[in-house]
Amino acid sequence: MSIIEIEGLDKTYYGMFGKSVPALRGVDLQVERGQAFGLLGPNGAGKTTLVKVLLGLVKTTGGSARLLGSPAGSATSRLRVGYMPENRHYPAFLKARQVLDLFGQLNGMPAAQRRERIRTVLEEVEMSEWGEHKVGGFSKGMRQRLALAQALLSEPELLFLDEPAEGIDPLGRVVVRNILRRCQEKGTTLFINSHLLTEVEMVCDQVAILHAGRVAESGRLTEMTSKEREYRLIAASPPEQVLAALDGAVESIESVTAPAGLYAWKLTVGGRPQLNAAVDLLRGADVEIEAIEAVRSSLEDVFLKAVEDAKEGSARVERS
Amino acid sequence: MSNTGVASQIEGPAATPTHGARLIIAQVAAMVRFTTLESLHRWTLMAFLLAVTLFLLLLATTVNLDIVEGNLAAARLFGKTIELPEVGIEAVDIVTTFQVVVISLLYSVGVALALFSTSNLVPRLCVDGWVDLLLAQPVARPTLLLGRATGAVAVVALSISYLIVGSWMLLRWKTGFGNAGFLLAGAIIVATYAVCYSGMVLVGVVTRNSPVSILAGLFFWLSGHVFHLFHAYPAWSTSLRAGWQRQMGEFITESVYWTLPKSHGLAEMAANAARGEPVSGAPLLFSLPFAVGSLALACFWFARRDY
């Protein structure tokens, strides 16, 4: 069963003089248990609104959403959910331990359990020695890690992270990434909302791209980034031997940058049988193959294409 | 994966359940504790507590009263003997006069200071990046807001109790006379604050603005006195020329008077209690609809709003 089920979700904000701003328009999404899901989109695409709807911070104007089998935003669903918002405004007078203690109490954790969990999560985010320090003196990265500790406090089944790597240095990002990987290993479902594509690429296995409140594209990251029928061949044999062996056997062959002492080509083939036939020809001609791999586009390419397609689609709808 | 919080406590067979009423009490307690911690970092509260401590220390160390058969026989202030009039002064009168002065000061300065120092508690609760974190927890929005309001009232009640109970005990020790009405007067002042603060909660949650919130609190408190004048002296309407103007004027002032807190009546209640005279609970009773209505509207607004 899906851990998040969203069907035809709409959210429109209304201004003081009846001006309406649609933030989500018929969003359909499903996230399976144990996945690391990345929600991508340009600024103003509706990513934060979607997360807030799922947590009940924002009321929907249409459609439905369910979290862990309960209606999104219900106290029952929030019991098993951790949330790390994009903007964190912890009261400066509180110590890190007091912040966590407050959230533990709001989650109904008994005192002894709170003490133990606070110790554990502070260790996990590498902030054990900062528990008795006031949040007002923390750097942005430390606040980020404290926010993560707070989100992990109740050992949630589903973790929402809004821009988890925003504004922290590369070392801090590694720490956050490692924590998220450990969470995923334990079976926690991750829902990451970010515009830092490289971070999403490193952590997530499933993504959706949101544009102007609509899902422009969604699917498995590996499928979205793999280019159909394009492969990279690396060989140790001289170029003329390779070209002679593949003459007429592939649709196109193009020399590309290779590691030192080797030769590389980008092959375009009609399909997997033609690729295997090409390999047979290479082996028949005693070509020394170092590697053959599917060519992948970067997530950035996929993202830009999806946003561009969505823009064109919207323009077509408006014109018609 | 198990949740060690409430989820597992509901689902897990071995865990101690913390849900329903117990969970709500725990959540309110958490908000009260958080609000108390926050208040202790405010200079207004700390200055008040410091001033009260100094006052109590002075009262304990510099005032010496010799009471003989209920009358003041001798008095020393800062070690110097005070000349007493030949007419006997009863200890009861000294204590009562002193306590009425304390209550008068507390009603005027104390309530204003309390409203001022707690005016930004609700707007600060609604700050982006904090309110969304709190609302993402398994806590009902009214619980969160009422917990915050309870925390504010608790802090003010404890501060006022420190002054009232402290000075009551010292005077009892020095004169042997304990006026229970003084303690009741302290409770009435806390109630006056609580009624005005409930209006501030509503304004705070709607506007999310501290200055507007404090102005509203002072308005609710002071306007009760102003509209009491219209209510107590209905002859004011004879200054209006047309009959419909008089009717309209009376209708408006009476409506506002019965809607707002009965600040004047509450002040009289506190003074009477401090004097040891009979106290009517009517002003408190007629102020309750304002408090309950304000809190209900505040919860309704808070529960419906997008954050």
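Values for this structure:
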{"item": "Identity of the residue in region A:193-206, among the charged types (D, E, K, R) and surrounded by fewer than 20 Cβ atoms within 10 Å (Cβ to Cβ), that ends up modelled with the highest pLDDT", "result": "A:Asp205"}
{"item": "Wholly within region B:1-114, helices (runs of 4 or more DSSP H) carrying at least 1 residues that are within 14 Å of chain A (Cβ to nearest Cβ), at pLDDT below 80 and buried (at least 19 other Cβ atoms within 10 Å of the Cβ)", "result": "B:6-11"}
{"item": "Residue that is nearest to the other protein chains (Cβ to nearest Cβ) [pool: residues in region A:64-94 that are over 14 Å from B:Leu135 (Cα atoms) and of a type in the set (A, V, I, L, M, F, W, C)]", "result": "A:Phe93"}
{"item": "Tally of residues being in contact (Cβ under 8 Å) with a residue 60 or more places away in the chain and of a type in the set (Asp, Glu) across region A:252-295", "result": "1"}
{"item": "Enumeration of residues in region A:144-183 that are in contact (Cβ under 8 Å) with a residue 40 or more places away in the chain, assigned to a helix (DSSP H, G or I), surrounded by 19 or more Cβ atoms within 10 Å (Cβ to Cβ) and within 14 Å of chain B (Cβ to nearest Cβ)", "result": "A:Gln144, A:Leu146, A:Ala147, A:Leu148, A:Ala149, A:Gln150, A:Ala151, A:Leu152"}
{"item": "One residue from B:Val195, B:Val212, B:Val190, B:Val165 being β-branched (Val, Ile, Thr) and more than 22 Å from B:Val279 (Cα to Cα)", "result": "B:Val212"}
{"item": "Matching entry among A:Ile168, A:Ile209 (being assigned by TED's automatic domain parsing to the domain that holds A:Leu68, at pLDDT 85 or above and hydrophobic (A, V, I, L, M, F, W, C))", "result": "A:Ile209"}
{"item": "Among the candidates A:Leu190, A:Leu243, residue that is part of a strand (DSSP E or B), at pLDDT 90 or above and not β-branched (Val, Ile, Thr)", "result": "A:Leu190"}
{"item": "Among (1) touching a Gly at 6+ places or on another chain (Cβ under 7 Å); (2) more than 14 Å from chain B (Cβ to nearest Cβ); (3) buried (at least 16 other Cβ atoms within 10 Å of the Cβ) - the single one A:Thr189 does not satisfy", "result": "(2)"}
{"item": "Considering residues of region A:95-125 that are touching a residue at least 40 places away in the same chain (Cβ under 8 Å) and surrounded by fewer than 20 Cβ atoms within 10 Å (Cβ to Cβ) only, the residue nearest to the other protein chains (Cβ to nearest Cβ)", "result": "A:Lys95"}
{"item": "Only one of B:Leu171, B:Leu135 that is buried (at least 20 other Cβ atoms within 10 Å of the Cβ) and within 14 Å of chain A (Cβ to nearest Cβ)", "result": "B:Leu135"}
{"item": "Counted residues, region A:283-299 - those being in a helix (DSSP H, G or I), modelled with pLDDT under 80 and either touching a Lys or Arg at 6+ places or on another chain (Cβ under 8 Å) or of a type in the set (D, E, K, R) (or both)", "result": "0"}
{"item": "Test: A:Lys59 is surrounded by fewer than 16 Cβ atoms within 10 Å (Cβ to Cβ), farther than 22 Å from B:Met31 by Cα, within 12 Å of chain B (Cβ to nearest Cβ) and of a type outside the set (Val, Ile, Thr)", "result": "yes"}
{"item": "Any chance B:Tyr193 is under 20 Å from B:Pro283 (Cα atoms) and either modelled with pLDDT of 95 or more or surrounded by 15 or more Cβ atoms within 10 Å (Cβ to Cβ) (or both)", "result": "yes"}
{"item": "Meets criteria (within 22 Å of the chain's Cα centre (by Cα) and over 24 Å from A:Ile4 (Cα atoms)) for A:Ile118", "result": "no"}
{"item": "Residue that is surrounded by the most Cβ atoms within 10 Å (Cβ to Cβ) [pool: residues in region A:19-53 that are assigned to a helix (DSSP H, G or I) and within 10 Å of chain B (Cβ to nearest Cβ)]", "result": "A:Val53"}
{"item": "Neighbours by Cβ (under 8 Å, 6+ apart or cross-chain): first from region A:296-314, touching a residue at least 12 places away in the same chain (Cβ under 8 Å); second of a type in the set (D, E, K, R) and in a helix (DSSP H, G or I)", "result": "A:Ser298/A:Glu201; A:Leu299/A:Glu201"}
{"item": "Qualifying residue in region B:117-127 (condition: over 23 Å from B:Tyr193 (Cβ atoms) and surrounded by 13 or more Cβ atoms within 10 Å (Cβ to Cβ))", "result": "yes"}
{"item": "Subset tally (residues that are free of Cβ contacts under 8 Å to residues at least 24 places away in the same chain and either basic (Lys, Arg) or more than 19 Å from B:Gly293 (Cα to Cα) (or both)) for region B:216-228", "result": "1"}
{"item": "Lone qualifier among B:Phe34, B:Phe55 - being in contact with a helix residue (DSSP H, G or I) (Cβ under 6 Å, 6 or more places away or on another chain) and either of a type outside the set (Ser, Thr, Tyr) or farther than 29 Å from B:Leu158 by Cβ (or both)", "result": "B:Phe34"}
{"item": "The listed residue being in a helix (DSSP H, G or I) and under 30 Å from B:Phe300 (Cβ atoms), out of B:Ala194, B:Ala273, B:Ala235", "result": "B:Ala194"}
{"item": "Among (1) charged (D, E, K, R); (2) surrounded by 18 or more Cβ atoms within 10 Å (Cβ to Cβ); (3) over 30 Å from A:Pro42 (Cα atoms), the one test that A:Glu290 misses", "result": "(2)"}
{"item": "From B:Val153, B:Val206, residue being part of a helix (DSSP H, G or I), of a type in the set (Val, Ile, Thr) and within 14 Å of chain A (Cβ to nearest Cβ)", "result": "B:Val206"}
{"item": "Residues that are basic (Lys, Arg) and surrounded by 14 or more Cβ atoms within 10 Å (Cβ to Cβ), drawn from region B:218-260", "result": "B:Arg246"}
{"item": "Residue match in region A:126-141 (condition: assigned to a helix (DSSP H, G or I) and surrounded by 17 or more Cβ atoms within 10 Å (Cβ to Cβ))", "result": "yes"}
{"item": "Criterion violated by B:Trp244 - all others in (1) modelled with pLDDT of 90 or more; (2) out of contact with any His (no Cβ under 9 Å at 6 or more places or on another chain); (3) part of a helix (DSSP H, G or I) satisfied", "result": "(1)"}
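The values are calculated or read from the model by the stated rules, or taken from the named source; none is laboratory data. Note that the coordinates shown come from a computational prediction; the quantities given were computed from them, not determined experimentally. For neighbour counting, all protein chains shown are included, and Cβ atoms are generated from backbone atoms with ideal geometry for every residue, glycine included.
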